[in-house]
Each structure stands twice: as structure tokens, then as C-alpha cells.
Amino acid sequence: MSNRLRVGALISGGGTNLQAVIDACESGKISAQVVFVGSDNPEAKGLERAQKHSIPWFVADYRKIIAGYRASGYSLPLPNDCGMDGLLARQSLLPKDTPAEKAKAYIASRVKAEAALLDNMSRYSFDLLILAGFMRVLTPYFLDHVNAGQNPPRVMNIHPALLPSFPGTDGYGDTFRYGCKVGGCTVHFVDYGEDTGPIIGQRAFAVEPDDTLDSIRKKGLEQEWLLYPACIQLFAEKRLRITDGEPDAKGKTRRVVKILPPKACGS
């Protein structure tokens, strides 16, 4: 069906969210098809899921690429359109007081790996890129190439916590250690920061007194497998728009996601 949303996916590990999306596509729960799966990790078990479903896949080995760039003394050429000064000005991944040379080396090494990702992705036509357990932060270089100023953006992520609480890699662990009575997951568009992009949807679950970290993660994954396909379907129905939210107490305005009613699809 040529009118289905074309979804690309990036993974780093087992790919359980990828499987949930593939299953939702094949069952017709979402009007989409996964057209490629990419990974930064050649040992990612999720690549076997792509093979099983005859989905094209590739690896851009971040560890090898970054190690090679460092071994060269950071002398290997970067893409011609890199614009390092602009990237450093736009990035929000590093503290503002990071020494300039250290920040430049970090961003440049990631751009080197992202260029390999983009080169592989260029072989496929896609409408939306989902991060399904992709454990690498993305620089403005990559995001600007994929998003290209579109509204809504084209890069979506799922996070294991109720953002803006507990950004980073261990959301369920942070939820457990902090003693939260409610846990959950969040799907959001990806911006220049770490887990700071506009929120599309969230699902929550109760944390019971006898819960363990393992049981919290299990509860969370069950919610993720429902939430991610639902948010992708909203994108497929063209019901997502980015707007400016209400100013906070300090007068700062954040970008937020507006979900349009079904009758407004495509307007």
C-alpha cells in the first residue's frame, strides 16, 4: 500500500519496541511499514528481527568510527556541510562551560559517525525516523538533515520515564531509586538536547510497594509497546503539529505538540 507511512528505525540492542512497531504495522493497527532498520552496534540482537521480517538493515559501527577518528588525532575530514561553529552554537548536549576544544572533538566524532548513518539511510525513502532503543545522542548535524525544518519534525523517540523527570539512559532505574509512586514512558520529538523535545504522548503505571526494578521495567515496557505505535499512527494521520506553548513563570516559552482532531487531518 503506497499510502502507508514509511518508517525507518534506529536501534542499539534487542529491539523490543521495534518488534512492537513491526507487529502493529503487520496487523494493520498503524498505517505504516518499516522500510529499514539501522544500528550503531553490529551485535544488536534487534537486527535479527529485521532479518526475520525481510526488512533491509545496516550497521554504522559508532565505536569503530569514533575510535578511528580519535586515532587519527581528529584529522580525518568531516562532511563539507558540517559547519562546526554553527553546530557548537546550536548543540545542547554538553554544558556551556565545556572547553571549546573538548566540545569540538566530541561533536566532530559524533558527526563522523552520523555521516555514516546518513549515508546508509540515503538509500531509502522514509517519512519518519523512530529511535527504538538507539543509545546514542544525535547532534544538530544529523537532526537538521532529517528534519529539514518540517512541522512536525521527522525524528521520534521513546523514553523510559515521564519526562521532563528523569532524562538520560536509566529512566526506570531513576524512577525506582527515587521512590516514585507512579512510573511511565514518554514519546517525544527529538530536538538538540537530551530528552528535551516536545512531548507527543505518555502512559503511566502505579509503582506498588512490592515492586522491584525488574518489575518496574516490565510494566514500563508493556506501556511502551502500546504507546509507540499509537503515536506513530497520529503521525501517519497527520494529526501532530508543533506550536508555542504558554509562557512559564519566567516568561520562557517551550514548543509543544498539538494533537489535531481526526476531522482536521491533513489541514
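Each value in this text was obtained by applying a stated rule to the coordinates, not by laboratory testing. Source: prediction; values computed, not measured. For neighbour counting, all protein chains shown are included, and Cβ atoms are generated from backbone atoms with ideal geometry for every residue, glycine included.
Here are the numbers:
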| quantity | calculated |
| --- | --- |
| In Hz, Karplus ³J(HN,Hα) per residue of the range 88-97 (6.51, -1.76, 1.60; θ = phi - 60°; x = Gly, Pro) | 5, 6, 8, 5, 10, 7, 10, x, 4, 8 |
| Total charge dipole magnitude, the chain, about the Cα centre, Cβ charges on Lys, Arg, Asp, Glu only, Debye to nearest 20 | 440 |
| The range 159-267 - Rg and Dmax from Cα coordinates, angstrom | 15.4, 48 |
| Long-range amide H partners of Gly184 with built H, under 5 Å | Leu162, Phe205 |
| Farthest positive-ward along the chain dipole, Cα basis, beta-carbon charges - from Leu47, Ala105, Gln33 | Gln33 |
| Nearest-0.05 FRET efficiency for Glu48 and Asp23, computed from C-beta distance (R0 22 Å) | 0.90 |
| Alpha-carbon centroid distance for the pair the range 19-95 / the range 169-226, whole angstrom | 23 |
| Contact order relative to length of the range 1-158, as percent, for alpha carbon pairs under 8 angstrom and 6 or more apart | 30 |
| Gaussian network model of the chain, Cα within-10 Å springs - most flexible of Gln150, Gln223, Gln202 | Gln150 |
| Span-rule helices in the chain, defined as complete DSSP H runs reaching 15 Å or more along the axis (Cα) with Kyte mean at least -1.0 | 16-27, 100-121, 213-236 |
| Descending Cα extents along the principal axes, the range 1-148, whole Å | 50, 30, 26 |
| Value at 222 nm in deg cm²/dmol, rounded to 500, when DSSP H runs of n ≥ 4 in the chain each add -39,500 (n - 2.57) | -11500 deg cm²/dmol |
| DSSP-assigned coil residues among trypsin sites (Lys or Arg not before Pro) in the range 122-189, each with at most 11 further Cβ atoms within 10 Å | Arg123, Lys181 |
| For the range 177-237: relative contact order, % (alpha-carbon pairs under 8 angstrom, 6 or more apart) | 33 |
| Dimensions (Å) - the range 97-214, Cα atoms, principal axes, largest first | 48, 37, 23 |
| Enclosed volume per residue, in Å³, of the convex hull spanned by Cα atoms of the chain | 158 |
| Hydrodynamic radius by Kirkwood, which averages 1/r over all alpha carbon pairs of the range 1-88, in angstrom | 15.1 |
| For the range 159-267, size of Cβ-based charge dipole, Lys and Arg +1, Asp and Glu -1, in debye | 560 |
| DSSP-defined antiparallel bridges as percent of all bridges, the chain, nearest 5 | 50 |
| Eligible lysines near Lys96 by straight Cα distance, threshold 27 Å, same-chain separation 8 or greater | Lys104, Lys112, Lys250, Lys252 |
| Value of relative contact order over the range 159-267, rounded to a whole percent, pairs C-alpha under 8 Å and six or more apart | 21 |
| For the range 49-179, size of Cβ-based charge dipole, Lys and Arg +1, Asp and Glu -1, in debye | 340 |
| Computed lengthening from Lys104 to Tyr74, 0.36 nm per intervening residue step minus Cα-Cα distance | 9.8 nm |
| Ranked Glu237, Glu208, Glu246, Glu222, criterion: other C-beta atoms within 10 Å, fewest first | Glu246, Glu208, Glu222, Glu237 |
| Inter-label distance for Arg4 and Glu208, nm, one decimal - labels placed 7 Å from Cα along Cα-to-Cβ | 3.8 |
